[in-house]
Structure formats: structure tokens, C-alpha cells
1. Short version: ³J(HN,Hα) in whole Hz for each residue of the range 36-49, in order, from phi by Karplus 6.51 cos²θ - 1.76 cosθ + 1.60 (θ = phi - 60°), x for Gly and Pro, what are they?
2. In square angstrom, what is the accessible area per residue of the chain with a 1.4 angstrom probe?
3. When only Cα pairs under 8 Å and 6 or more residues apart are kept, what is the percent relative contact order across the range 190-322?
4. Residues with beta-carbon under 10 Å from that of Ala10, excluding Ala10: net charge, scoring Lys, Arg +1 and Asp, Glu -1?
5. Could you give the dipole magnitude of the range 1-105 about its Cα centre, charging the beta-carbon of Lys and Arg +1 and that of Asp and Glu -1, in debye to the nearest 20?
6. Expressed as an acute angle from 0 to 90° and rounded to the nearest 10, what is the orientation of the C-alpha long axis of helix 311-323 relative to the principal long axis of the chain?
7. Using only the Cα atoms of the range 201-297, what do you get for the radius of gyration and for Dmax, in Å?
8. How much length, in nm to one decimal, is gained on full extension between Leu292 and Ser338, taken as 0.36 nm per residue of separation minus their Cα-Cα distance?
Amino acid sequence: MAQTVRGVIARSKQAPVEVADIIVPDPGPGEALVRVQACGVCHTDRNYREGIVGDEFPFLLGHEAAGVVEAVGANVTDVGPGDFVVLNWRAVCGSCRACRRGKPWNCLSPLTADQPMTLPDDTPLTPALGLGTCAEKTLVHAKQCTKVDPDVSPAAAALLGCGVMTGVGAALYTGAVERGDAVAVFGCDGIGSAAVAGAALAGASTIIAVDTELRNLAWATGFGATHTIDASTTDPVQRIRELTEGLGADVVIDNVGALDTWTQAFRVRAEAGTLVMLAVPTPDIRLDLPLLELRVRSGALKSSWYGDCLPSRDIPSLLALYRHGRLDLDAFVTERISLDGIEQAFAKLAHHDVVRSVILM
């Protein structure tokens with residue numbers, strides 16, 4: 001039978017979120033009911049509330065979570081009741097053009113649950129990124145569940161559902177950082193600091209963190225940055241050139257998404273280097289770029305979506321690095337809060353007070 005649980009919903013654009021009763025149906029074919037144990041609070045959830053991402057209100061927020069499977073529907077074989085899972089919002093379909101071409105990380109038709117979760121009056125909820133994990137329980141497609149060993153804390157594991165995976169993946173998978181590379185990261189909030197950590201995992205010899213917030217630069221240092229640049233007082237282009245013997249960075253990651261930072265990142269990209277757009281720019285931003293500069297300098301301009309990860313492969317892999325002490329997921333967890341604390345968590349994100357707030361159910 002359907003269950004009534006508490007969840008965080010955004011009823012209308014720019015209105016404060018609220019904790020409300022939601023109705024979660026029993027899983028149907030291909031679906032799984034998950035008891036959420038931990039859920040990270042991400043900028044994307046705030047963007048849903050602000051109406052920046054979609055307009056299908058009311059939204060059930062949350063998309064970065066770990067928990068335990070309580071029940072599964074017919075035809076589900078990969079997970080079962082009692083399994084500890086990290087939820088991912090890009091469950092590959094296996095049949096779209098990208099999947100057929102052997103590039104499932106670019107899946108064009110990611111899977112989600114067929115049945116809606118609703119309010120008690122039967123109003124359907126739109127789950128954030130197809131998950132809706134700011135709730136005590138959620139209904140997802142079974143392929144959105146990545147089974148992992150239950151020997152890590154749910155708070156640490158949850159972050160691989162979005163933020164940490166997005167940043168680490170931008171360095172490891174999109175940027176393909178190699179041992180000995182010079183890497184520059186513009187914007188070192190939680191995701192940018194994860195990109196720094198990814199560059200360190202890849203063996204980059206020089207990792208330059210660029211930000212205007214000293215707190216963000218301190219976080220980046222803790223995750224492996226070898227140099228920091230306060231862009232409010234120092235020209236990052238000149239300083240990065242100095243730190244790289246005039247050559248520029250082999251991989252530059254823009255985690256700000258503004259025209260000036262992208263332009264700076266482009267200018268410090270080494271010959272044949274790679275520039276990764278990680279942040280999401282606003283629709284009004286336009287780029288005026290001499291095409292000759294692309295032709296002469298070679299290299300690549302890329303965008304990164306979910307770090308170009310393959311959840312079934314990369315979530316267990318990064319958790320193995322965590323267990324071996326090479327990726328400090330715990331350091332990303334600034335505070336543990338309840339469902340009722342999400343509005344305060346949004347404010348702390350905006351003021352760079354936290355790397356991540358994590359809701360514990």
C-alpha cells in the first residue's frame with residue numbers, strides 16, 4: 001500500500017520550501033522504494049525553488065542521496081530489499097543512440113520511476129532530477145540505485161550522487177587530467193573543490209585554485225590545491241602564467257559560469273590544452289571569440305554534465321578510494337541537519353558558509 005512520509009517541497013517560484021506529507025506508492029515494474037538515510041543540499045535544489053530549473057511546481061526536492069532499499073517491483077534483479085544504495089539521477093537506458101555507441105555517460109533517455117509521488121490531495125509532485133530525495137522515502141527507477149558496500153557513512157556516500165561526483169568527474173573523465181599536468185580550477189565551492197580533489201587523484205603536479213572567497217580557497221587547499229589565487233586582488237591570468245612557466249594550464253575547469261571567468265580560463269589554457277565548462281551559465285551570456293584562436297592553439301573546449309561519469313562504474317570506484325584514504329568524502333560534509341533545516345542550508349550555500357549540508361533522516 002502507498003505510504004505517507006515527510007518530504008521537502010517547493011510549491012511555487014521563490015516561495016520558501018516546506019516540509020509536508022507526501023504519498024509514496026508501492027514500487028511497480030522496474031521501480032524501487034528507498035528509505036533515504038542521508039541527502040545533500042545542492043545548489044540545484046535551490047535553483048528548482050527559484051524557478052531557474054523548470055516550472056513544473058510543486059517540486060519534491062533532493063537528488064543527492066544514499067539509503068536502503070525497502071521494496072522492489074517486478075522485473076528488478078540488480079537490487080533488493082536491504083541493499084545499501086547511492087541514488088543517481090542518470091540511470092542509463094542502454095538503448096538510446098549514445099548508449100548504443102558505447103557512450104552511456106551521455107545517455108539521452110535516462111530512466112526514472114513511472115508512478116508519481118503526490119501530495120495527499122493527489123497533486124502530482126515533480127521529483128528533482130527524477131529522484132526527489134529530500135524525503136524519508138522515495139520512489140525511483142531501480143536503475144537509479146547503485147548498490148555499494150554498507151561500510152561507509154550514508155552522509156559520505158550520498159555526496160557521490162551529485163556534487164562530489166560532478167567535480168571529481170570533471171577532472172578525471174571530462175578533462176582527462178594526467179599525471180604531471182598543470183590544472184587550474186576557477187570557482188572552488190564544494191563542486192570546484194571536488195574538481196581539485198579529482199586533479200589530485202589523477203596525479204596533477206600543479207593544481208591552482210582561483211576564487212574571490214578566502215574560505216573557498218582554504219577548502220581547495222585541503223583537497224589538494226598546490227597554489228591559490230585570490231582573484232579579487234590578483235590577476236589570475238598573469239599569476240597562472242607565472243606558476244606554469246608561461247605555458248598555461250593543461251586542463252582548466254570553469255566552475256563559475258560567468259563570461260569573465262570563462263574568458264580568463266580560455267586565456268590560460270596551454271597549447272593543445274583542455275577547457276572544461278563545469279558551471280551552468282545563465283541563458284543571456286554570449287561569447288565573442290576569434291575562431292582563429294581555436295585553430296592556432298588546438299586543444300579542446302568541453303562541457304561537463306554530471307562529470308561525464310558512469311554511476312555503476314564510478315560510484316563504487318570512488319568509494320574504494322575513500323576507504324583507502326585517497327578521497328576524503330567526510331571533509332565535504334560541513335554539517336548534518338534535519339529536514340526542517342533546508343532553508344537555512346540554502347542561505348549557507350549562498351554565503352559560502354558550507355561545503356555541503358547533509359540532511360540525516
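1. 6, 9, 8, 9, x, 9, 10, 4, 4, 5, 5, 5, 4, 4
2. Values: 15150 Å² over 361 residues.
With all protein chains present, the chain gives 42 Å² per residue.
3. Numbers: 174 pairs, mean separation 21.3, N = 133.
Value for the range 190-322: 16 percent.
4. Numbers: positive: Arg11, Lys13, Arg46, Arg49; negative: Glu18, Asp45, Glu50.
Spelling it out: positives minus negatives among the neighbours equals +1.
5. Numbers: 11 positive and 12 negative charges, 110 e Å.
The calculated dipole for the range 1-105 is roughly 540 debye.
6. That helix lies at roughly 70 degrees to the long axis.
7. 13.5, 39
8. On the way: separation 46, 0.36 × 46 = 16.56 nm, distance 5.30 nm.
Answer, rounded to one decimal: 11.3 nm.
The values are calculated or read from the model by the stated rules, or taken from the named source; none is laboratory data. Because the structure is predicted, anything quoted here is derived from the model rather than measured. A quick note on method: Cβ atoms are made from the backbone with ideal geometry, for glycine too, and the neighbour counts reach across all protein chains shown. What goes into the accessible areas is simple: the full protein's heavy atoms, side chains included, and nothing from ligands, DNA or RNA. Shrake-Rupley method; radii C 1.70, N 1.55, O 1.52, S 1.80 Å.
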